[in-house]
Amino acid sequence: MLNVILLGFGLFQIAYASRLNLYHRILVPSNSSLSSKYSYKGYVDLETLPVSSLQALYTPSNDLNKEFTSLLGTVETDSSALYQVALELPDVAVELWPMSSVKACHLYHAKSERIWLHTSSASSHDPHSITYWILETPDDGLCRTVPSSSSSGLDGHKHPNRVLDMPSWNTTVLVKSPSSPLL
């Protein structure tokens, strides 16, 4: 009986370790009172990651749209606002989680995002860092303007009043291991 319990606990630990939680927030460096705490964005399932593939399955939070719109609503007029995505590490303080940032103003135009989880070796699925970006970010990195008669947005320009439909974004999660250049 003890063997069955230990086996079940071992399988639970393996399954838990293959599920990586992602969190997100808005950070306003110029006004910390406008910054939000990290909230659950979704999870990446490494259990389904085939050996020959680098792409992992991402499942967004059920409340992602409501949560995301609320995050943006707190900083609509501050162009210094950053959108941060963090990788939860078990038994590590939130302040020490690996994270990546983009200008929050780019979220208004976003349709797709890419997340890279960096591992220490090709055989390891234990990420130690994260890279995040929005594919629709202009090459110069500047916030784009959108002609509209609605309220000002994160970049100080007019934006259409719309709910950002983040769960419908094309989200690609890749697991990247270190590589050496060809000699």
Tally of residues being more than 19 Å from residue 57 (Cβ to Cβ) and either open to solvent by 20 Å² or more (accessible area, probe 1.4 Å) or in a loop (DSSP other than H, G, I, E, B) (or both) across segment 103-121: 7
Of everything in segment 127-182 that's part of a strand (DSSP E or B) and modelled with pLDDT under 75, which residue is most open to solvent (accessible area, probe 1.4 Å)? 158
Would you check if there is a residue in segment 77-97 being under 16 Å from residue 20 (Cβ atoms), charged (D, E, K, R) and modelled with pLDDT of 95 or more? yes
Consider segment 40-56. How many of its residues are at pLDDT below 90 and either of a type in the set (Val, Ile, Thr) or surrounded by 12 or more Cβ atoms within 10 Å (Cβ to Cβ) (or both)? 8
Here the residues within segment 17-34 that are crowded, with 18+ Cβ neighbours inside 10 Å and more than 15 Å from the chain's Cα centre (by Cα) are 28
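The values are calculated or read from the model by the stated rules, or taken from the named source; none is laboratory data. Computed from a prediction, not measured in an experiment: that's the story for all the values here. A quick note on method: Cβ atoms are made from the backbone with ideal geometry, for glycine too, and the neighbour counts reach across all protein chains shown. Remember, those area values only see protein heavy atoms, side chains included, never the ligands or the DNA or RNA. Shrake-Rupley method; radii C 1.70, N 1.55, O 1.52, S 1.80 Å.
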